[in-house]
Amino acid sequence: MPLLIGSQRLDVSLSAARIVQVHPELEVRAKALTSQPIHTFGPKGFLYVQQRELAVTTSNDSAISILGSDDATTCHIVVLRHTGSEATCLAHCDGSDTESEVADILYAVQSLSQNTKEGRLELHLIGGFIDKRRLSQKLSSQLLKAFDRQTDDIYLITFCVSELNDKEDKGIHLPIIYGIAVNVKTAEIFRANCQDRHPDEDLRSAYTFTGGTMLSIYDPKKEQLKIGPYSWIPFPNIDFWLEQEDEQILECFSTSPLAEPPHFVAHIRSTLHFLKENPQPTKSIFTDRKPRVYRKRVDGTWERVLTEMV
């Protein structure tokens with residue numbers, strides 16, 4: 001019985017709205033989350049997770065206490081935690097390869113829970129809204145089915161997706177929650193605004209922008225963040241795109257143009273500029289074919305580690 005609510009197996013063929021009718025406790029938890037004030041996180045003890053990234057650590061981590069991600073419109077933020085080992089993974093999924101991403105999320109938590117006899121796996125799914133292309137509903141369904149196909153019992157605790165995360169403003173549907181953070185010490189989940197997106201924000205975004213698959217970016221045993229090494233094919237027609245008006249950038253590069261946060265276009269332009277300056281990252285950034293490695297300073301800033309720990 002892989003995906004459970006209490007002692008019952010979840011019927012993953014149902015819509016989000018129908019699921020909460022059958023399991024009203026999920027709607028109660030979703031409303032409690034959407035009614036939360038937004039908490040601002042970063043940089044001290046904080047690790048930012050971009051789209052198509054995951055990070056996992058435990059409550060014993062001396063550098064990281066909060067994992068967070070935001071800017072999710074049709075994307076979903078996934079938190080999986082083992083209550084025994086207290087291994088916690090946060091991932092930002094966009095539907096590009098949900099089956100593989102769910103397997104990676106589960107493996108990340110299990111790899112830190114191998115010697116733990118007590119506890120269970122608890123799942124939190126947040127994101128999406130009632131978008132015109134129904135991409136949110138599609139991703140919600142994909143995630144439920146992918147977790148349900150796992151061999152381990154997984155308990156769905158938070159389900160705040162698609163219809164449950166939707167509001168209307170002047171007839172336009174928008175997500176209520178764009179960002180989520182989890183405290184790896186206490187397991188608390190918060191509505192989040194992430195101020196610190198370092199390190200290498202443009203580099204990480206460029207990798208995803210050019211079709212990169214989901215990656216685990218943090219080594220909890222060494223307490224180090226690892227970026228790359230990446231390679232990509234030079235992005236076509238960059239000068240053309242950089243010449244376009246903001247409205248055209250928004251329309252062409254967003255799955256939900258009316259729902260994007262205000263900084264979306266600036267972020268896309270910054271990523272395009274980075275790709276223009278680095279058409280071959282193996283020659284301009286990863287000349288030694290090794291990852292860029294960072295560790296957290298006490299003040300929360302990231303420090304580049306030139307000699308990686310063994």
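Here are a few things to note about the model shown:
- Residues (touching a helix residue (DSSP H, G or I) at 6+ places or on another chain (Cβ under 9 Å) and crowded, with 16+ Cβ neighbours inside 10 Å) located in segment 283-295: 285, 292
- Annotation note: Cβ proximity below 7 Å between a residue of segment 265-287 that is closer than 14 Å to residue 234 by Cβ and a residue that is in a loop (DSSP other than H, G, I, E, B) and among the hydroxyl-bearing types (Ser, Thr, Tyr) (sequence gap 6+ or interchain) occurs for 281/230; 281/231; 282/231.
- All positions within segment 149-158 that are of a type outside the set (Ser, Thr, Tyr) and either open to solvent by less than 10 Å² (accessible area, probe 1.4 Å) or out of contact with any Lys or Arg (no Cβ under 8 Å at 6 or more places or on another chain) (or both): 149, 150, 152, 154, 156
- With respect to the conditions (1) of a type in the set (D, E, K, R); (2) more than 28 Å from residue 224 (Cβ to Cβ); (3) open to solvent by less than 40 Å² (accessible area, probe 1.4 Å), residue 167 falls short on a single one, namely (3).
- Residue match in segment 156-170 (condition: at pLDDT 95 or above and small (Gly, Ala, Ser)): no
One line per residue, one yes/no per condition, for (1) farther than 28 Å from residue 31 by Cβ; (2) out of contact with any Phe, Trp or Tyr (no Cβ under 7 Å at 6 or more places or on another chain):
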site: 67; (1), (2): no, yes
site: 76; (1), (2): no, yes
site: 84; (1), (2): yes, yes
site: 111; (1), (2): yes, yes
site: 120; (1), (2): no, no
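- Qualifying residue in segment 262-282 (condition: under 30 Å from residue 172 (Cα atoms), surrounded by 12 or more Cβ atoms within 10 Å (Cβ to Cβ), polar (S, T, N, Q) and modelled with pLDDT under 95): no
- Verdict on residue 17 being open to solvent by 10 Å² or more (accessible area, probe 1.4 Å), among the hydrophobic types (A, V, I, L, M, F, W, C) and without any contact (Cβ under 8 Å) to a residue 60 or more places away in the chain: no
- Among the residues of segment 4-21, those identified as outside any helix (DSSP H, G or I), touching a helix residue (DSSP H, G or I) at 6+ places or on another chain (Cβ under 8 Å) and among the hydrophobic types (A, V, I, L, M, F, W, C) are 5, 10, 12, 14.
- Residue check, residue 30 outside any loop (DSSP other than H, G, I, E, B), over 28 Å from residue 213 (Cα atoms), modelled with pLDDT of 95 or more and of a type in the set (A, V, I, L, M, F, W, C): yes
- The residues of segment 168-206 that are without any contact (Cβ under 8 Å) to a residue 60 or more places away in the chain and either under 22 Å from residue 135 (Cβ atoms) or under 14 Å from the mean Cα position of the chain (by Cα) (or both), listed by number, are 168, 169, 170, 171.
- Of all residues in segment 259-298, those satisfying the criterion of being charged (D, E, K, R) and either under 25 Å from residue 75 (Cβ atoms) or under 24 Å from the mean Cα position of the chain (by Cα) (or both) are 260, 269, 292, 295, 296, 297.
The values are calculated or read from the model by the stated rules, or taken from the named source; none is laboratory data. A quick note: this is a predicted structure, and the numbers were derived from the prediction, not measured. Positions of Cβ are backbone-derived with ideal geometry, glycine not excepted, and every protein chain shown enters the neighbour counts. Side chains included, ligands, DNA and RNA excluded: accessible areas come from the protein's heavy atoms. Shrake-Rupley method; radii C 1.70, N 1.55, O 1.52, S 1.80 Å.
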